Amino acid sequence: MAGISEIYPSDRHSLAEVDALLASEGIRRDPHLDYICALRDDDGTIIATGSAYKSTLRCFAVSDAHQGEGLLGTVLSHLMEHELMRGYASVSLYTKPKSAKFFGDLGFYEIARVDGLVFMENEREGFSNCLARFEQETATFCTEKNIARPAVSQTAAIVMNANPFTLGHRALVERAAHENALIHLFLVSEDASFFPYRVRKELVQAGIADFKNVVLHASGPYIISSATFPSYFLKDAATVSRTHAALDIAVFERIAKALCIGSRYIGEEPFSETTAIYNDVMQEALPKSGIACIVVPRYEVRGQAVSASDVRERLKEEDFASIQELVPEGTLKFLESEEARPIIEKLKATEDVRHH
């Protein structure tokens, strides 16, 4: 065999071979990839492939003619070495249920499973350590704020990306904070948005500073953003949304149990059909796990629902006059600063800034 090599975006012929091999497995090439590799036979034909996006592995396929030869293990070992060189010691992957045992035998551990999808990682205690971090952050917060740990019925959660943090996000937090004794606010920490996690965290911290019962957690890799959720082996957008929601719920149930969370607050979704489907699944599934799902109407300005996507569109045009009605003072101050200039330029260079 000719060995494993990287496939570059400019190599259309090899990418077509990869696509054909993936198609034979009933999957398609994921749009979120930053590394693709392939194993060739002596004639130069691609007979196995695998890919990565940041710290996640995806898009594995082996030619039918070479099944049982251990090629998938060879590709996986190559990808793991590549990830380690990029600084990712902790790696996760998504696979079909029929392949879960194979990856388990190669050192991956199951985190959650839903119909058609298994979420795995290479660290036996990875998820447990994340839960321990959430618990430690909560204990420290309650000690500092002199808050007694409340009952499950008075403990709620919010998950947000805040790309960027708006008055709509603040209204959601305010509602939950008013109705509960303790709020766990999980901020998606994957850098798959226009606003990097460091900036989003600062804006959220500034925007919720006056709430004394909200503990902020970095989500880690277990609360999965839509930008990095694998869609390459799901047939359509609706299936992607439903499976994403189901996986999110499966993971969240374990987080809720560890932190004694009794409810989850979500914002009403009047704009995105995919997010609306996601919300519908949560409203149906969370109560079955004993977790209330509370949908909060969108915060409105001049009769229009506020959204982060709307802020990004206006920021693209540098329409700060209208933006100031949609965001807290801390967010506006950042958006008008020189530090925001690279983000604004990136927005200007992107045709669609809503679906990020």
Roll a 1.4 angstrom probe over the protein heavy atoms and tell me the percent of accessible area of the chain that is carbon or sulfur. 50 percent
State the number of lysine pairs found in the chain whose Cα atoms come within less than 18 Å, restricting to pairs 8 or more positions apart or on distinct chains. 9
Mean shadow area (nm²) of the C-alpha convex hull around segment 1-141 is 9.8 nm²
Sorted peptide list for 4-11, 241-248, criterion being average Cβ within 10 angstrom, highest first: 241-248, 4-11
What is the extension gain from residue 128 to residue 191, computed as 0.36 nm multiplied by their sequence separation minus the C-alpha to C-alpha distance, in nm to one decimal? 20.4 nm
Show me the trypsin sites (Lys or Arg not before Pro) within segment 111-148 that DSSP assigns to loop and that have at most 11 other Cβ atoms within 10 Å of their Cβ. 124
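Give the percent of DSSP beta bridges with both residues in the chain that are antiparallel, rounded to the nearest 5.
55 percent
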Would you calculate the volume per residue, in Å³, of the smallest convex hull containing every Cα atom of segment 107-200? 158 Å³
The chain, helix-only ellipticity at 222 nm - DSSP H runs n ≥ 4, -39,500 (n - 2.57), divided by all residues, nearest 500: -12500 deg cm²/dmol
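Over segment 1-158, with the other protein chains present, what is the accessible area per residue in square angstrom, probe 1.4 angstrom?
50 Å²
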Output the DSSP H helices from the chain with an along-axis C-alpha extent of no less than 24 Å and a mean Kyte-Doolittle hydropathy no less than 0.0. 237-259
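The values are calculated or read from the model by the stated rules, or taken from the named source; none is laboratory data. Being a predicted model, the structure only gives us computed values, none of them experimental. We place every Cβ from the backbone using ideal geometry, glycine too, and count neighbours over all the protein chains shown. The accessibility values were calculated without ligands, DNA or RNA, using every heavy atom of the protein model including side chains. Shrake-Rupley method; radii C 1.70, N 1.55, O 1.52, S 1.80 Å.
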